[in-house]
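Enquirer: Quick one: the structure is below, and I'll ask about it shortly.
The values are calculated or read from the model by the stated rules, or taken from the named source; none is laboratory data. All of these numbers come straight from a predicted model, not from anything done at the bench. Methodologically, a virtual Cβ is constructed for each residue, glycine included, from the backbone with ideal geometry; neighbour enumeration extends over all protein chains shown. Each accessible area value is taken on the protein alone, full model and side chains, heavy atoms only, with ligands, DNA and RNA left out. Shrake-Rupley method; radii C 1.70, N 1.55, O 1.52, S 1.80 Å.
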Amino acid sequence: MNFDVARTQMLGQQLRAWEVLDDRVLRAFGETPREQFVPNDYRELAFADIEIPLGHGQTMLAPKIEGRVLQALQVEAIDDVLVVGTGSGYLTACLARLARHVVSVDIFPDLVTSAQAKIAAYGIGNVELRAADALALSYPGRFDAIAVTGSVPALDRHFIEMLRPEGRLFVVVGRQPAMEARLLTMQPNGTATTASLFETVLAPLINAERPEPFVL
């Protein structure tokens, strides 16, 4: 398989077709070898418009979704970014090309270890990986952008409180079959505005899906 051809087709037929038009984002995708981040058994499908299994019931997001995440967050070279759900490490690696520093957390230590090896292999040095439950994460700093790669049934204040003024949060909210990708922006006065981006369905974050309350 010619991965360079597949990469070019992904950029044109998936990302641009799904309105991912930011040149910096497209460059980050073009320069980060996606085929090296997927499990070996799925390398031939690295650029397909599908989610790829990673183990533990987790998946690597489809390229068009990852592209919309990066474009929505508008990450600049001075930004500190948090990735909730490291997964394969690919989205973290792409963000590292755009940001000053990236903290990436995953609840499964083996996924963190695997992603760390892949990211280090490409000389990406501005990434800090942690094995942690993001819903219980205590971090001393605040972030300019947060990407949540799993869905939550309702918007969680925990993530909002980790944003700096003018910080941006990408998160998918809801339960199947109705989920909505949202961009929340923290205003300088401490209020937040929310924009609806698109409809999609993502697996919930581990520990995010609470049982529905029993009502008499």
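Enquirer: What dipole magnitude, in Debye to the nearest 20, does the range 142-189 give about its Cα centre under +1 on Lys/Arg Cβ and -1 on Asp/Glu Cβ?
Expert: About 40 debye.
Enquirer: Moving on to the next point. Starting from the Cα of Met1, step 7 Å along the direction of its Cβ; do the same at Tyr42; then give the gap between the two resulting points in nm.
Expert: With each label placed 7 Å out from Cα toward Cβ, I get 1.1 nm.
Enquirer: Still on this structure: Extension gain Ala136-Glu31, at 0.36 nm per residue separation less the Cα-Cα distance, in nm?
Expert: Full-extension gain reported as 34.5 nm.
Enquirer: Treating the Cα atoms of the range 87-216 as identical point scatterers in vacuum, please give the log10 of the normalised Debye intensity I(q)/I(0) at q = 0.09, 0.12 Å⁻¹, two decimals.
Expert: Normalising to I(0) and taking log10 leaves -0.28, -0.50.
Enquirer: Quick one: work out the % antiparallel among DSSP beta bridges in the chain, nearest 5.
Expert: Once the DSSP bridges in the chain are tallied, antiparallel ones form about 45 percent.
Enquirer: Contour minus end-to-end for Arg164 and Leu21, with contour as 0.36 nm per residue of separation and end-to-end as the Cα-Cα distance? Don't skip to the answer; put the middle values down first.
Expert: Details: separation 143, 0.36 × 143 = 51.48 nm, distance 2.62 nm.
Extending this stretch completely gives an extra 48.9 nm.
Enquirer: Just want the answer: with Cβ charges of +1 for Lys and Arg and -1 for Asp and Glu, which residue in Trp18, Val148, Gln187 is farthest toward the dipole's positive end in the chain?
Expert: Positive-most Cα among the choices belongs to Gln187.
Enquirer: Here is a follow-up. Toward the positive end of the charge dipole of the range 53-126, about the Cα centre and with charges on Cβ (Lys, Arg +1; Asp, Glu -1), which of Phe108, Ala62, Ile119 goes farthest?
Expert: Working it through, the farthest residue towards the positive pole turns out to be Ala62.
Enquirer: Give, to the nearest whole percent, the P(r) tail of the range 1-131 beyond 18 angstrom, counting all Cα pairs.
Expert: 50 percent
Enquirer: Follow-up. Given +1 on the Cβ of Lys and Arg, -1 on the Cβ of Asp and Glu, and no further charges, what dipole in debye does the range 60-131 carry about its Cα centre, rounded to the nearest 20?
Expert: 180 debye
Enquirer: Tell me the carbon and sulfur percent of the accessible area for the chain, rounded to whole percent, probe radius 1.4 Å.
Expert: 51 percent
Enquirer: Given labels modelled 7 Å from the Cα in the Cβ direction, how far is it in nm from Glu199 to Thr113?
Expert: 4.2 nm
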